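Student: Mind having a look at this structure? Questions to follow.
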Amino acid sequence: MNENQFGDLIRHVETPQAAASFRRLRLGHVPLVMAAAGAQNGAAHTQGPNDGHAVIRPTREPAHFSELIAAGTTPKQVAARGVSIEFDLCVLSLSRPWYSSGLLALPNWFVPGFRQGDFSEGLDGPDNDGLLNAIPIACILTRDVRITANWTPADVDAATTSVAVGPFSLFGRTFDTASGSLTIPGIQAVAWVCTNPKRLPPMDPP
């Protein structure tokens, strides 16, 4: 499942009902990449959707942390045939009553010690830089992931030793060799939907 397919999936389920509850989805013929624990730290590389669409990650510390995690894993392409993924999906909207976008949009304020654009350059997408370059407005949650396939012996070994598959952590997974099902219980946050603020602060200090 690439970033465009995941973005289409999010738009399909992003309804008022989906914002507060899970919907069961099933995807067929999905290519998979597992993250095998490396020698450095064995951490999971929970790779989310690419930052090219509405589903993005902030490009400051969270992204740097993901890079550190990725350094400890080795991607492994899954050769299994007939892969299908079934999971519950929820778009959890975030509300901040104290946050006023209208106040931040005022053109005539500054912050002592900070230059214009230090908080946000006002660009769209992941290229926006600054201390407040992206504001999360929703969280993409999955629950009770089930992956079924005609696994090869090498895939079975990878499924039982790897730490992640695609955007899903394999923590707590079980593998049923009889049915060829890999089950991952519980809820996972696999992506954040963010918005880019306008240029902040809008002015240099006098």
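Student: List the residues, sorted by chain then number, that are 5 or more residues from Ala80 or on another chain and whose placed amide H is less than 5 Å from its amide H.
Tutor: Answer set, sorted by chain and number: Thr152.
Student: A further question follows. How much of the accessible area of the stretch 67-196, in percent, comes from carbon and sulfur atoms when a 1.4 Å probe is used? Provide the component values of the computation, followed by the final result.
Tutor: Details: 3930 of 6810 Å².
Result for the stretch 67-196: 58 percent of the exposed heavy-atom area is carbon or sulfur.
Student: When the Cα centres of the stretch 149-206 and the stretch 129-146 are compared, how far apart do they sit, in Å?
Tutor: Each part reduced to its Cα centre gives a spacing of 13 Å.
Student: Which order do the peptides 89-97, 177-185, 141-149 take when ranked by the mean count of other beta-carbon atoms within 10 Å per residue, highest first? Before the final figure, lay out each step's value.
Tutor: Working: 89-97: 13.3, 177-185: 15.1, 141-149: 19.3.
The densest-packed peptide leads the list: 141-149, 177-185, 89-97.
Student: For Glu86, what is the net charge nearby, where nearby means another residue's Cβ is under 15 Å from its Cβ and Lys, Arg count +1, Asp, Glu -1? All intermediate terms of the calculation are to be shown ahead of the outcome.
Tutor: Working: positive: Arg23, Arg24, Arg26, Arg143, Arg146, Arg173; negative: Asp88, Asp144, Asp176.
Net charge in that neighbourhood comes out at +3.
Student: Let me ask something else about it. Please give me the summed charge of the neighbours of Met34: other residues whose Cβ is under 15 Å from its Cβ, Lys and Arg +1, Asp and Glu -1. Spell out each step's value before the answer.
Tutor: Details: positive: Lys76, Arg173; negative: Asp155, Asp157.
Counting the neighbours of Met34, the net charge comes to 0.
The values are calculated or read from the model by the stated rules, or taken from the named source; none is laboratory data. Quantities reported herein were computed from a predicted structural model and do not represent experimental measurements. Note that we place each Cβ from the backbone using ideal geometry, even for glycine, and neighbour counts take in every protein chain shown. Note: areas computed on protein heavy atoms with side chains; ligands, DNA, RNA excluded. Shrake-Rupley method; radii C 1.70, N 1.55, O 1.52, S 1.80 Å.
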